[in-house]
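The next block holds one structure in the form of structure tokens; read it before the comments.
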Amino acid sequence: MSIRLSTAITGMFGLLLCAASANADEAKRCKAVHADVQEVQTNENCTSPVGFCTKGTIDGNHGLSGTTFFSVDGGAATHAASSPGTRSYTGVFTVTTDQGELVLRETGITYPRAGNPEGGVLSSIIEVTSGTGRYEGATGIMFFHGRSLNGTYDVKLQGTLCTVPDWHVFQ
């Protein structure tokens, strides 16, 4: 009986070591990211089927700095009586840095608040769909929240970005 118990304890200890190793690897691969994003509406290179694109800059941690481009590929107005003026939207958000390109799916809601001197508000979820260079094989979920005023979007990004195991080399 003691051999079985010893074998069971040794097996459990081995599983715990594997789990700890996996968590350590994920800690190296996954980083909490945050960034400031400023964008303006553009028609330049806009292939959006609904005619709405933005371009701008991103300034963040862990090398998440460069240019941005967003192309809306779908959206809908909400029911006017329950949420006047709000719209849901989805599209492709691309970040280009000197170390690669990160492509994300952004899905959110905007409330333009027409006539309000403080401007509109927006909130969205963005998920990594693909990448090149440093971002090849990346995964992650991030969130946008921000304001829009006179065609300018001032947005905060926050979330988690996981890349291939050697990403920690690029910190």
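Values quoted throughout were computed directly from the atomic coordinates according to the rules given, and no laboratory measurement underlies them. All figures in this text were calculated on a predicted structure; none of them were measured in a lab. Cβ placement follows ideal geometry from the backbone for every residue including glycine, while neighbour counts extend to all protein chains displayed.
Extension gain, Ala32-Ala77: 0.36 nm per intervening residue step, less the Cα-Cα distance, totals 12.9 nm. Summing Cβ point charges (Lys, Arg +1; Asp, Glu -1) relative to the Cα centre of the stretch 94-171 gives a dipole of roughly 280 debye. Label separation (Thr47 vs Ser130): 1.1 nm, computed from points 7 Å beyond Cα along the C-beta direction.
Using only Cα atoms, figure out Rg for the stretch 28-72 and give it as a multiple of 2.2 N^0.38 Å. Compared with the compact-globule rule of thumb, the stretch 28-72 sits at 1.39. Here is the size of the stretch 34-129 from its Cα atoms: Rg then Dmax, 14.2, 47 Å. Inter-label distance, Phe143 to Thr107: 1.6 nm, where each label sits 7 Å from its Cα along the C-beta direction. The radius of gyration of the Cα set in the stretch 103-161, together with its Dmax, comes out at 13.8, 44 angstrom. Each residue of the stretch 139-152 was assigned a 3J(HN,Hα) from its phi angle through the Karplus expression (A = 6.51, B = -1.76, C = 1.60, θ = phi - 60°), giving 9, x, 10, 9, 10, 10, 8, x, 10, 10, 8, 6, x, 10 Hz with x at Gly and Pro.
If R0 is taken as 22 Å, the Cβ-Cβ distance between Thr67 and Asp154 corresponds to a FRET efficiency of 0.85.
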